[in-house]
Each structure stands twice: as C-alpha cells, then as structure tokens.
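Quick notes on the structure that follows.
The values are calculated or read from the model by the stated rules, or taken from the named source; none is laboratory data. Only a predicted model underlies this, so the values are computations on that prediction, with no experimental measurement involved. Cβ placement follows ideal geometry from the backbone for every residue including glycine, while neighbour counts extend to all protein chains displayed. Calculation scope for accessible area: heavy atoms of the full protein, side chains included, ligands and nucleic acids excluded. Shrake-Rupley method; radii C 1.70, N 1.55, O 1.52, S 1.80 Å.
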Amino acid sequence: MRSILVTGGAGFLGSHLCEQLLDRGDEVICVDNFFTGRKANVAHLTHHSRFELVRHDIVRPLFLEVDQVYNLACPASPQAYQYNPIKTIKTSTVGMVNMLGLAKRCKARLLQASTSEVYGDPLVHPQTEDYWGHVNPLGPRSCYDEGKRVAETLCLNYQLAHDLEVRIVRIFNTYGPRMDPGDGRVISNFINQALRGEPLTVFGDGSQTRSFCFVTDLIDGLIRMMDQNDTSGPINLGNPGEFTMLELASQVLRLTGSRSTIEHRSLPADDPRQRCPDITRAKTLLGWSPRIDLATGLEKTIAYYRQLLTQGNNSPL
Ligand code: NAD
Ligand code: UDP
C-alpha cells in the first residue's frame, strides 16, 4: 500500500483522483484549503479507513510522510484564479516550493498539474509540448499562466539539483460531475443556464475553440503518468476533438432539450483564440488516449447538474 498526498483533493479533479486511488488500494491524504473545493466533493470518502482529509494551505509548509504527491492545489477557472491574483501566484510558486521540499524530504515522486495555459494564446496549432507558448506576462490571465510556468521550472530544477522524480502534465480543458456550477467555466455555465431556461452566455462571436476532455479519461492519464518510469514530461493530456463555443452551445441545447436563447457578451481580454492538444506523446509514452466523446461526457455532466438543481443548489452563475 502506498501513501499518496493529493493537494487540491477536495476540488473537481482532485476528488475524482482521490476516489480512483482509494479504489485501487492506496492510502490517500487529501489536503485542501477549500477556496474552490468543497467537503461535499469528498464526503462519500471520509468514512474510508485509508482516507484522511486535512484543511491546509500549501502556501504554508507541510510535514507528512508519503510516497507520491499529486500537486493539484490551485484555482483553475479564470473567475476563481483572478479573484485574488497574488494568492494564485503564491500557490503556484511558494506552494510549489513547499510541495517540492516535502517530496524531496520524503524521496517521493511528485506530479505537477500544469496546464494548456502555459501555451497562452497559441500561435502553433495543435499545441505540441515543445512549443514555448505565447503568454502575456501582464494580462489578467498571467497570475495563473506565469505561475504555472514557474511551477514547471521549479519542478525541473528540483529534479536536476536534487534528483527528485517529477512528472509534469499539461492538462487541457476538462469537465464532468463535481465541477462547481458557479465557477464560470464554459461547460458549467452553459449547462446550468440551459437547465434553468436562461440565455447561454457566449463570449465574443463564439468562434474561439476549445478541446474538452471528460474527467475519468483525464484521471486515467494522470495515474499512468505518475506510475511510469520513462519520462518526466511535460506531457499534454486532453481530448483533441476541437469545438467552437457556438458548436458547444448548440450541443448543450440539443442534449438538455432546452429552449434557451444565445446571448453574446464581450470577449474577456487575452481569451485564447484556439486550443487543441497534440497528444502524440501521451499516446506513445503512456499508451493513453481519451475514450469518452463530447456528447457522452456532456450527458453525464448534465445528469449531475440536474440532480444538483433538484436538490436545491441554485447558487448564482
Ligand atoms: P478546482 O478549483 O476544482 O480545484 C482546485 C483545488 O485546489 C480546490 O479544491 C481548492 O480549494 C484547492 N486549493 C487552491 N489553492 C489552494 C492552496 N493554496 N492550498 C490548498 N488547496 C488549494 O480546479 P480543478 O479543475 O480540479 O483543477 C485542479 C488542478 O488541475 C489545478 O491545479 C488546475 O490548474 C489544473 N488544471 C485543471 C484544468 C481543468 O480543465 N479542470 C485544466 C488545466 C489545469
Ligand atoms: N466562455 C463563454 N461563455 C461563458 C464562459 C466562457 O463563451 O459563459 C468562453 C470563454 O470566453 C472561452 C471559452 O468559453 O473562450 C472557455 O472558457 P473557460 O472559462 O471554460 O476556460 P478557458 O479555456 O478560457 O480557461
């Protein structure tokens, strides 16, 4: 039995990861400051004898004995990470140093949840891991993008200086049950707007693209990356199916059966025009590729939000 630390474990991705690790027999310590995560996401795990939930902010040092660290702590939605940009930067820098220090002391392997945002508004399409990116260092997204870029640099240098085993994954837009309905991300917004009969808010003309990966596929990729011995990455994980936001809106309307209209809003500054992962490396090195297509994943996510709405969760979008 391995002892595994999951930071950000009460968040969307973290809670699914904790579940998977427990299912295969590991001991899981879930650390979270509950900024965007919720106890409800892991409530079904708290009775488990191999699960421990710790309220802690990774910007402060942490002393635990573990074999592996999945570092997922960091707000992921633009609305959440721009709420307190300095805190977002501290989480990806000071927090990253703390988690690398912990891993170094324990001789644990550390996987860093990096992001497609390291490519910024990309000039290369689809994005390969050797592309250096096109990031505005002073824009509204920079607290997140630059923080994650520094986090990757820290990982690499801890590996070089201290022989630490690191694994870097660049996660592309991922969605599914337990995404906070009020987090402002496009899939949670569109589905909840459709279910409530409100207009779907399409930013700009809706021709910008994203590629959406269902959560179970992504978690499978994270675990494969952590457990292999051949590469420290970086490796892109995402679903290469690429859709415009207008295409996404019409899929959501069709699958929910909603009569909501579409309302255009202004495009946020520095919103990337297009995003699509080249997953050749993940296929070759991890034997990984996503299995769940967008319609199937959306149906599962719609079912989750329907259930939340019938339970009376009507938090403002
Ligand atoms: P999320 O906001 O649901 O989860 C992040 C979790 O980290 C939350 O539980 C939050 O409370 C916790 N957290 C934030 N700051 C913390 C701190 N200082 N100390 C302790 N806990 C802290 O987001 P998510 O979608 O689950 O994303 C998880 C990770 O994956 C993030 O690092 C994010 O950058 C990365 N990622 C996600 C996506 C995606 O599409 N979901 C894409 C790219 C990268
Ligand atoms: N978006 C939108 N309507 C919304 C929320 C987002 O059209 O209600 C757009 C946003 O401008 C971006 C895309 O959807 O082009 C994905 O946004 P999200 O916040 O989900 O993630 P991002 O990939 O931008 O970090």
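Taking amide H positions as modeled 1.01 Å from N, with prolines and chain starts lacking one, the residues under 5 Å from residue 233 and 5 or more places away or on another chain are 168. Between 116, 245, 177, the Cα set farthest toward the positive side of the dipole of the stretch 107-260 (charges on each charged residue's Cβ, about the Cα centre) is that of 177. For a quick check, take a GNM of the chain with Cα springs below 10 Å and name the residue from 289, 92, 266 with the largest mean-square fluctuation. Result for the chain, Cα springs under 10 Å: 266 fluctuates most.
Here the simple spin-label model places points 7 Å from the Cα toward Cβ, and for residue 203 and residue 303 these points are separated by 3.0 nm. Relative to the longest principal axis of the Cα atoms of the chain, the long axis of helix 215-227 lies at roughly 20 degrees. Charge tally for residue 79 (other residues, Cβ to Cβ under 15 Å; Lys, Arg +1; Asp, Glu -1): -1.
Rounded, prolate or oblate: pick one for the stretch 40-101, where a ≥ b ≥ c are the square roots of the eigenvalues of its C-alpha gyration tensor, a/c under 1.5 means rounded, and failing that, prolate if a/b is larger than b/c, else oblate. Oblate, because a/c is 1.5 or more while a/b does not exceed b/c.
Note on the chain: Cα-Cα pairs beyond 31 Å make up 26% of the total pair count.
Between residue 284 and residue 130, the distance separating the two model label sites (each 7 Å from Cα on the Cα→Cβ line) works out to 0.9 nm.
Shape index of the stretch 100-140: Rg/Rh, with Rg the Cα radius of gyration and Rh the Kirkwood radius from the inverse mean 1/r over Cα pairs, equals 1.18. Under a crude label model (7 Å from the Cα following the beta-carbon direction), how far is residue 161 from residue 50 in nanometres? So the two model labels end up 3.5 nm from each other. Using 30 Å as the Cα-Cα cut-off, could you pick out the over-long pairs in 104/300; 39/283; 148/283; 90/300; 87/283; 90/283? Where the Cα-Cα span goes over 30 Å, the pairs concerned are 104/300; 39/283; 90/300; 87/283; 90/283. Taking all Cα-Cα distances within the stretch 134-203, those exceeding 19 Å account for 58%. Rg/Rh for the stretch 156-278 stands at 1.08; both radii use Cα atoms, and Rh follows the Kirkwood definition. Percent of C-alpha pairs per 10 Å bin in the stretch 101-224, short distances first: 11, 32, 35, 16, 5, 1. Here the Karplus relation 6.51 cos²θ - 1.76 cosθ + 1.60, evaluated at θ = phi - 60°, turns the backbone of the stretch 81-86 into coupling constants of 6, 8, 5, 9, x, 5 Hz, with x for every Gly and Pro.
Counting only DSSP beta bridges whose two residues both lie in the chain, roughly 10 percent are antiparallel.
For the chain, what % of the accessible area comes from carbon and sulfur atoms, probe 1.4 Å? Solvent-exposed carbon and sulfur of the chain make up 51 percent of the total.
Computed from backbone phi with θ = phi - 60° and the Karplus coefficients 6.51, -1.76 and 1.60, the 3J(HN,Hα) list for the stretch 17-23 is 5, 3, 4, 4, 5, 5, 4 Hz; x is used for glycine and proline.
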